[in-house]
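The structure appears below as structure tokens.
Here, each number is a calculation from the coordinates, and none is a lab measurement. Here the structure is a predicted model, which means the values were calculated and not measured. Using ideal geometry, Cβ is built from the backbone for each residue, glycine included, and neighbour counts are taken over all protein chains shown.
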């Protein structure tokens, strides 16, 4: 059995700081078509997949190291445009299959509550169209 | 990361100019005054392991004399609030504990919430 902390996502070959939860969701991209031969019944085909990674973590003011993306790095990536906005993704399972692809950050949120018992947190979403098992 | 709130408290009280003997849970002395603390710790995790430990500590000063017990509790209060104000900790005094006199021994103390963060 693999414990949850052993499944992680890497962005640009680096781990993200303070991650408390990763989620991966694969949704099919479909295309609808209809021609006369279909006799009025629409045809739907899966033409691809969108993989969405949702990452929750803690805001850490100590900053990252050379192998860790800190919160400032994540804001920079979320605000990037053009080719700079494309990130390399690796979804890593301990002692298991890894998956690779490229994606873009589609959302970044920081939450800073007043309650001293609650931690400041961030959440990040990345969408990827080309996730595949790494060789 | 391992919890070191209790040991830090004991060491800080022992390093005072007038050292205070602090026991965990139960006093093993009848040499008054002394202090006893009870602690409950809860760790929080991220993917790299424990990133913080929240400790709920109730610390009481014991003496045959009320004034001495109150002074002891105040001295410990100063130690806790200064020791755990930085260096990877945060501290809040949550409440004052009920003052008690059992078998002619007074106890006065406070409850604290001390958080130890990963460095």
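Label-to-label distance, residue A:32 versus residue B:58, with points set 7 angstrom from Cα along the beta-carbon direction: 6.5 nm. Comparing B:50, B:20, B:76 in a Gaussian network model of chain B (Cα springs below 10 Å), the most mobile by mean-square fluctuation is B:50.
Legend: mean number of C-beta atoms from other chains within 10 angstrom of residue C-beta atoms, peptide A:13-24, equals 2. Once the Cα atoms are used to define both axes, helix B:5-14 deviates from the longest principal axis of chain B by about 40 degrees.
With a 10 Å cut-off around each Cβ of B:89-99, the average count of Cβ atoms from other chains is 0.
How crowded by other chains is B:43-50, given as the mean number of beta carbons from other chains within 10 Å of each beta carbon?
Working: counts 0, 3, 3, 11, 16, 7, 1, 0.
Neighbouring Cβ atoms belonging to other protein chains average 5 per residue here.
Spin-label model, residue B:41/residue B:97: points 7 Å from Cα along the beta carbon direction are separated by 1.9 nm.
The packing ranking, built from the mean of other Cβ atoms within 10 Å per residue, places the peptides A:11-20, A:31-40 in the order A:11-20, A:31-40, highest first. Taking the average, over residues, of other Cβ atoms within 10 Å as the packing measure, peptides A:92-101, B:77-86 rank B:77-86, A:92-101 from highest down.
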